């Protein structure tokens, strides 16, 4: 029953109609999940305190984001409700990491993403007027129950790459092939360029890691890494040299579909609250009009998770998040033990980092992205701490006693 309720909570944080906005429905769901998480955490208070103590920067960042309601510009009740939601999914993330192993957390995330893929397809087939974009913008493109084609793209991306990894694990291959094909269909039909590019990049990264792990010779590993780096460098050179031509072939421009103009337009909002931001969720809740190069944009995000962080909690919160991301990436170790679980974790984390450069998939979006970030940061720190302890013990045992 616990597993079912956990997946239900993850699903709620992955569907816009259950976790976005401040409607009575969303607040009720948030309160119920917060109570569930609190009830589950209460008996394991010692483990919770140890987890928070082992992750001081993440703990301080979480408290700082919650405290930003004190200087938020929007009405106080709305600010408090935003913080309530934030605490609900942060507490749920803490419940996950204290009650499940890394393998258990990843498995639950993959199950949730797989269910979402099925629900998105069913929505398109059964309720096309609801699940397919209509009107002027994105007409005919799939959005499923995710509310927008780009959101559908990112969730399908995560499901796709996780099933690719588990396919190579060698168990239930037919099942994984089915989900790979399903998510490929969703990615094609939503036509999210960012998701398609990221899917291709992460797929290549998965193949690189799996091939690298199979090579035993140190010399061959060096040659393999050198060739891979050269190919990446060549790709970057071609992109920077022929970027306009490549983008035009796909009906795009180097403004990233207007994103660079939006980023120019939010410069004033960042500068006016440079260090501490406007308060979590405050700036975009007012649905401001952004002007850049004579163009008006009516938005609910800047299409960049890192810039939204800057707007919400200032440079202080942004630098803390970037520091967490960098230190976590350096602590990753994809060893032989449960390689596929840790490969899935690193791919999910790379998605969070890369996608938030040109899209907003962090705090100012579905809560599932913040939960994934929290879970991986904490689990990587757990493993790093264990590795340091094992190394210290090994050194102590190998050191001869003094006479």
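The values are calculated or read from the model by the stated rules, or taken from the named source; none is laboratory data. Small disclaimer: the values here were computed from a predicted structure and weren't measured. We place every Cβ from the backbone using ideal geometry, glycine too, and count neighbours over all the protein chains shown.
Just a few scattered comments:
- In segment 303-336, the residues that are surrounded by 15 or more Cβ atoms within 10 Å (Cβ to Cβ) and out of contact with any helix residue (DSSP H, G or I) (no Cβ under 8 Å at 6 or more places or on another chain): 314, 315
- Count - residues of segment 51-79 that are closer than 17 Å to residue 319 by Cβ and modelled with pLDDT under 90: 1
- For residue 174, the conditions (1) over 15 Å from residue 117 (Cβ atoms); (2) over 19 Å from the mean Cα position of the chain (by Cα); (3) in contact (Cβ under 8 Å) with a residue 40 or more places away in the chain all hold with the exception of (3).
- Selection from segment 186-198 of residues that are in a helix (DSSP H, G or I) and farther than 18 Å from residue 110 by Cβ: 188, 189, 190, 193, 194, 196, 197
- Qualifying positions in segment 291-302 - in contact with a strand residue (DSSP E or B) (Cβ under 7 Å, 6 or more places away or on another chain) and either buried (at least 19 other Cβ atoms within 10 Å of the Cβ) or modelled with pLDDT of 70 or more (or both): 299
- Within segment 127-177, the only residue that satisfies the criterion of being on the phi > 0 side of the Ramachandran plot and in a helix (DSSP H, G or I) is 144.
- Among the criteria (1) over 17 Å from the mean Cα position of the chain (by Cα); (2) free of Cβ contacts under 8 Å to residues at least 40 places away in the same chain, the one residue 197 does not fulfil is (1).
- Selected residue (only one of 147, 135 is surrounded by fewer than 17 Cβ atoms within 10 Å (Cβ to Cβ) and within 19 Å of the chain's Cα centre (by Cα)): 147
- Candidate set: segment 66-87, residues that are in contact (Cβ under 8 Å) with a residue 60 or more places away in the chain and within 19 Å of the chain's Cα centre (by Cα); chosen: the one nearest to residue 32 (Cα to Cα): 85
- Some residue of segment 112-130 being more than 20 Å from residue 178 (Cα to Cα), at pLDDT 90 or above and either within 18 Å of the chain's Cα centre (by Cα) or buried (at least 24 other Cβ atoms within 10 Å of the Cβ) (or both): no
- Checking the stated criteria, residue 22 turns out to be over 16 Å from residue 98 (Cα atoms) and either in contact (Cβ under 8 Å) with a residue 40 or more places away in the chain or surrounded by fewer than 19 Cβ atoms within 10 Å (Cβ to Cβ) (or both).
- Looking only at segment 268-290, and only at residues there that are in a helix (DSSP H, G or I) and at pLDDT 85 or above, the one that is surrounded by the fewest Cβ atoms within 10 Å (Cβ to Cβ): 271
- Count of segment 170-182 residues which are touching a helix residue (DSSP H, G or I) at 6+ places or on another chain (Cβ under 9 Å) and surrounded by fewer than 15 Cβ atoms within 10 Å (Cβ to Cβ): 5
- Boolean, residue 59 is in a helix (DSSP H, G or I), in contact with a helix residue (DSSP H, G or I) (Cβ under 6 Å, 6 or more places away or on another chain) and touching a residue at least 40 places away in the same chain (Cβ under 8 Å): no
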